[in-house]
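Have a look at the structure that comes next, please.
Read-outs: derived from the displayed coordinates by stated rules, not from any lab. In this text the structure is predicted, and so the values were computed from the model without any measurement. Here Cβ is always computed from backbone atoms with ideal geometry, including for glycine, and neighbour counts include all displayed protein chains.
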Amino acid sequence: MSLTQPVKMTRMLLALSLLAGVFALFLTAQSAHAQAATGKVRVAHLSPDAPAVDIYVDGNKVLNNVAFKAVSSYLPVPAGQHRFEVRPAGAAASTKAVIDANANIEAGKDYTVAAINTLDKIQPLVLVDDNTTPGAGKAKVRVVHASPDAPAVDVAVKGGPVLINNLAFGKASDTLTVDAKTYDLEVRPTGTTTVALPLNGVSLNAGNIYTVFAADKVANLTPVVAAVPAAQGGATPTAAPATGFGGTAQDNLTFGLVAILTLALVAGLASFGLWRRSVARK
């Protein structure tokens, strides 16, 4: 046996190792691209007389037994058109949905899909969320009018200026950037000083993004606050439940191919080691 054969074998294995590494990096980049091609969606149950509900996306149940005034964590959803369905909790997937709506999810954007109005008029409200991190010492806040029998409202600082004017049912205000501190706010019927909903001691922490839903009927009007903490970098979801959207087929393919390449490389190096020891004994 020629003494040059082990050298050639070593070079070949090194070349294969390099090729495998380059291929793995390529696949990792593809995986990152696939992960980037997603949006995030959270769901809010704001229909005052509707029972707890199950949420389906593209025929798959992603949230179970969501009660009135609950707001879910963000769920990662691949970009593109998706079908959102709402059914009473525990109902079979074949049951007619009380909400059946299509929404286009764009990559890199965050959305809130809310079920609003009374059960006999229940409807979806799809909002695009601004979860970009506010500047130093600032917070962001938005108000959503989800009280079906309330008139249009103003939101004002107690004893101070009106911050949001003439907000109608089923609408969201602009996202305001404000100083991070504690506020006493008031929700009033538009153009009046009558307080429909006091919001005393509202603490807005630096870096956080808040959505305040004015929920329930007027007689029981209450604020429902959903916050995206600064520690999560704005748009990062909180503890997103397992939904089937946590990964993509591309991610699984990447993992499988990298695993195969790694195993093949390890097996090849092990075989080469055994072959060298066999040659050395001859």
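If you take the beta carbon distance between Thr177 and Asn200 as r and set R0 to 35 Å, what does 1/(1 + (r/R0)^6) give as a FRET efficiency, to the nearest 0.05?
0.95
Here is a follow-up. Once you order the gyration tensor axes a ≥ b ≥ c over the Cα atoms, which shape class does the range 76-176 get: rounded for a/c under 1.5, otherwise prolate or oblate by comparing a/b with b/c?
Oblate shape, in that a/c is at least 1.5 and b/c is the bigger or equal ratio.
Given +1 on the Cβ of Lys and Arg, -1 on the Cβ of Asp and Glu, and no further charges, what dipole in debye does the range 77-119 carry about its Cα centre, rounded to the nearest 20?
Using Cβ point charges on Lys, Arg, Asp and Glu, the range 77-119 gives about 140 debye.
At a Cα cut-off below 16 Å, give the lysines reachable from Lys138, other chains included and same-chain residues fewer than 8 away excluded.
Counting by Cα, and skipping residues close in sequence, Lys138 has these lysines nearby: Lys181.
Now a separate question. When the Karplus curve 6.51 cos²θ - 1.76 cosθ + 1.60 is applied with θ = phi - 60°, which whole-Hz ³J(HN,Hα) does each residue of the range 80-89 get, with x for Gly and Pro?
Residue by residue, the range 80-89 yields x, 6, 9, 9, 10, 10, 10, 10, x, 4 Hz.
Testing the spin-label approximation: label points 7 Å from Cα along Cα→Cβ at Glu106 and Ala230. State their distance in nm.
2.8
Further question on the same structure: Order these peptides, 158-171, 97-110, by their mean beta-carbon neighbour count within 10 angstrom, highest first.
Ranking, from highest mean packing down: 97-110, 158-171.
Something else now. Which log10 I(q)/I(0) values does the range 53-102 give at q = 0.20, 0.23, 0.24 Å⁻¹ under the Debye formula, counting every alpha carbon as one identical point scatterer?
Taken in order of the listed q values, log10 I(q)/I(0) reads -0.67, -0.87, -0.94.
Checking the cross-link filter: which lysines have an alpha carbon closer than 21 Å to that of Lys109, excluding same-chain neighbours under 8 positions apart?
Of all the lysines, those that pass the test against Lys109 - Cα under 21 Å, at least 8 places apart if same chain - are Lys40, Lys140, Lys171.
Explain nothing, just the number: dipole magnitude of the range 73-221 about its Cα centre with +1 on each Lys and Arg Cβ and -1 on each Asp and Glu Cβ, in debye rounded to the nearest 20.
80
Further question on the same structure: Using a Cα-Cα cut-off of under 15 Å, which aspartates and glutamates could be cross-linked to Lys158, ignoring same-chain neighbours fewer than 8 residues away?
Once the sequence-local aspartates and glutamates are set aside, what remains near Lys158 is Asp184, Glu186.
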